[in-house]
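Data block below; observations after.
The values are calculated or read from the model by the stated rules, or taken from the named source; none is laboratory data. Just so it is clear, the model here is predicted, and its values are computed rather than measured. A quick note on method: Cβ atoms are made from the backbone with ideal geometry, for glycine too, and the neighbour counts reach across all protein chains shown. The protein model used for the area step is the full one, side chains on, heavy atoms only, and it has no ligands, DNA or RNA in it. Shrake-Rupley method; radii C 1.70, N 1.55, O 1.52, S 1.80 Å.
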Amino acid sequence: MRDDELDELGEIADGLASVVALRRRADQMETLHVERAMRAGWTWSQVAEALGVTRQAVHMKHAKRLIEVGVDLRRRNV
Amino acid sequence: MFDRMTADARWVVGRGQDVARAAGATHIESEHLLIALSERDGTPAQRALAGAGLTPKRLAELIAEEHARSLRFAGVEPSVLPTTPTRGSLRFATSSKSTLTRAVASSQKGAGKGIDTARLLRAIVEQETGTVPRLLALAGVDRAELIAAAEGTKE
């Protein structure tokens with residue numbers, strides 16, 4: 001590597017990349033744990049409250065996928 | 001943009017979306033385009049990547065290594081979470097938008113060749129920071145040599 005180039009694996013680049021990695025990990029964990037909760041019978045409102053977001057937000061983000069993976073969401077419209 | 005692409009380049013962009021979905025990504029990142037390039041046999045970009053040891057399998061390993069390194073820096077032990085594939089039409093992330101913009105710009109300056117896989121590879125590899133330069137650094141791959149190898153052969 002030449003001196004005038006950025007160090008792609010230096011501490012500064014690692015620090016910025018860690019932010020990206022944490023966001024990705026947070027998204028993965030949200031997908032995983034919302035599915036777990038809904039499979040366990042939690043309501044949208046309970047999941048939303050636990051995540052600190054609105055029921056609409058969690059529904060919009062996850063409902064379609066949960067239906068596709070076969071989670072039964074009937075009588076869960078609260 | 002797509003009308004300026006060769007058939008191989010269009011295939012790569014479409015395949016990039018499949019790669020992103022399989023990885024459970026919400027957007028198409030430039031590393032997904034890079035994997036797609038490495039899968040298109042018979043193209044200068046694929047040959048250059050393979051020549052540097054960058055097969056689809058190796059690139060996937062390097063991406064995992066980059067993610068693990070970055071998580072560790074944040075103090076998070078990179079345990080493996082189940083991958084949940086994403087569905088539907090994915091948007092381009094900022095990284096791949098910049099890549100495609102650079103590819104279009106280079107094709108306008110060049111000799112009217114349109115966007116081929118070598119131009120796509122150059123545009124991806126020219127990215128200065130982010131996941132792609134980090135995984136190339138982890139692999140010890142010289143970016144200039146990679147570009148030269150791809151552009152030295154005709155598509």
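Within a straight-line Cα-Cα reach of under 13 Å, A:LYS64 can be paired with the following aspartates and glutamates, leaving aside sequence neighbours fewer than 8 residues apart in one chain: A:GLU35, A:ASP72. Put A:LYS64, B:LYS97 in order of accessible area, highest first, and with a 1.4 Å probe you get A:LYS64, B:LYS97.
Just the accessible area per residue of the range B:45-144, please: how many Å² with a 1.4 Å probe?
48
Label zone of A:LYS61 (point 7 Å out along Cα→Cβ, amide N under 19 Å): in the range B:57-91 this covers B:81-91. Distance from the Cα centroid of the range A:1-72 to that of the range B:60-85 is 14 Å (rounded to whole angstrom).
Of all the accessible heavy-atom surface of the range A:3-68, with the other protein chains kept in place and a 1.4 Å probe, what percent is carbon and sulfur? With neighbouring chains kept in place, the figure for the range A:3-68 is 58 percent. Report summary: the helix-based calculation at 222 nm, which adds -39500 (n - 2.57) for every DSSP H run with n ≥ 4 and divides by the residues of chain B, gives -19000 deg cm²/dmol.
The mean number of partner chain beta-carbon atoms within 10 angstrom of a residue's beta-carbon across peptide A:13-26 is 6. For the range B:120-145, the residues whose backbone nitrogen is under 12 Å from a point 7 Å from the Cα of B:LYS109, taken along Cα to Cβ, are B:123. Backbone geometry of the range B:74-80 corresponds, through the Karplus equation with coefficients 6.51, -1.76 and 1.60 at θ = phi - 60°, to 3J(HN,Hα) couplings of 7, x, 9, 6, x, 5, 7 Hz, x marking Gly and Pro.
Mind pulling the angle between the C-alpha long axis of helix A:11-39 and the longest principal axis of chain A? Nearest 10 degrees, somewhere in 0 to 90. Once rounded, one gets 10 degrees. Ratio of Rg to Rh for the protein assembly as shown: 1.03 [Cα atoms; Kirkwood radius as inverse mean 1/r over pairs].
With contributions of -39500 (n - 2.57) from each DSSP H run of at least four residues, the per-residue ellipticity at 222 nm computed over chain A stands at -22000 deg cm²/dmol. Residues considered: B:ALA103, B:ALA22, B:ALA74. Largest GNM mean-square fluctuation over chain B, using C-alpha springs under 10 Å, is found at B:ALA74.
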